[in-house]
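Below is one structure, written out as structure tokens; the observations come after it.
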Amino acid sequence: MRPEEEEKLIEAMPPRIPILGPVVSGLLSLFLVSSLVFFGPFGLFVAPLGIIPVARHEAEGKNSFLVWFPVLILLFGVWLSGGGDPAFSLFLAYLFVVVIPVISLALWKKSRASEGRWAAWTMLGTMFLVLLGLGVYCAPASPQERLMHWAQESSPAMESLYSSFGLGRAEAQLMLDRAEQAVSWALPAAFGFYLLGILFWLRPRLPLLGLSLPVGNFEDYRSEEWLPLLFAVAGVGTVFLHGAGRWYALNFLLTVLGLYFIHGLAIIRAHLARWFGRGWFLRWGVAILALQGPLPLVVAGLGMVDAFHSLRPRKEDDGGFE
């Protein structure tokens, strides 16, 4: 290869984030994830950045286990030494936000599976572990009863917080009463939706991290083929089971609907990209609009229909961008 050709090839490659040592990478990722515990809603947007230094080790063929495992041991040791709820919360946050996504990337790199399969196995495997852990922790009481009790204990603090924002006490109480039901039934699924957001925030940034995985255009994304079967089983369980059985079935059902929601967004993007391009403003505008009111169920429905009959634009359609 001639020197000028090599220079053009280097310029065409995406810039790479520098790799740090395992100790520095672990501490940096822990610092970023701690925002989720200590900075409230703001941390929801900062914490996923903790994946980057750990994923860089995985991309370079180094063992990311040497980065995240000592952090988990450190947090677990602090908790056992009397660190209390903050240490345990940080342990769970680091496990959920950093360790699970990085392990899923490592497995994806080995299996070279489709994007839909990667997302489905990561989400459903995580949901299985979350539900199993909550079931064991709450025994002999049902998980739903224990979560309802926790939500009721947290109500006074949340009511004071809402009141400080100018919301009337009666309105705050009404919101909390509704939230208690939602928390008791669907809190695991809410964590799952956050993980799903992290995975699809991470997905287009994999080349920047140096991970060569089979990532295509978002509008070509398709769900795993066997999701309709799981949707049917979880739906039947939600309707006909009672107590803890319905709680487990409902959270799996909501997880499947979340995966189909991403599928539906890909269909909408495929149509809009032909006419308006693929700008970031369009991407975020569609995603935010799709979260309003009953639209998430409509978007998820598009994903389910597309699993059986393609709703994507045909290549022979006239006009727009291909």
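Each value in this text was obtained by applying a stated rule to the coordinates, not by laboratory testing. Computed from a predicted model, the values in this text were never measured in an experiment. Virtual Cβ from ideal backbone geometry, glycine too; neighbours counted across all protein chains shown.
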Using θ = phi - 60° and Karplus 6.51 cos²θ - 1.76 cosθ + 1.60, couplings along the stretch 181-196 (whole Hz; Gly, Pro as x) | 5, 5, 5, 5, 9, 10, 4, x, 5, 4, 4, x, 5, 5, 4, 4
Under 1.5 on a/c is rounded, so check that first for the stretch 11-158, then, if it is not, pick prolate when a/b is larger than b/c and oblate when it is not; a ≥ b ≥ c are the square roots of the alpha carbon gyration tensor eigenvalues.
-> prolate
Once the piece of chain linking GLU225 and LEU311 is laid out straight, how much longer is it, given 0.36 nm per residue of separation minus the C-alpha distance between them?
-> 29.4 nm
What are the ³J(HN,Hα) values, in whole Hz, obtained from phi via the Karplus relation 6.51 cos²θ - 1.76 cosθ + 1.60 with θ = phi - 60°, for each residue of the stretch 219-230 in sequence order, with x given for Gly and Pro?
-> 5, 8, 5, 9, 6, 4, 5, 8, 4, x, 5, 5
Distance in nm between LEU208 and VAL46 label points, each 7 Å along Cα→Cβ, equals 1.8
With a ≥ b ≥ c the root eigenvalues of the C-alpha gyration tensor of the stretch 220-316, is it rounded (a/c under 1.5), prolate (a/b larger than b/c) or oblate?
-> prolate
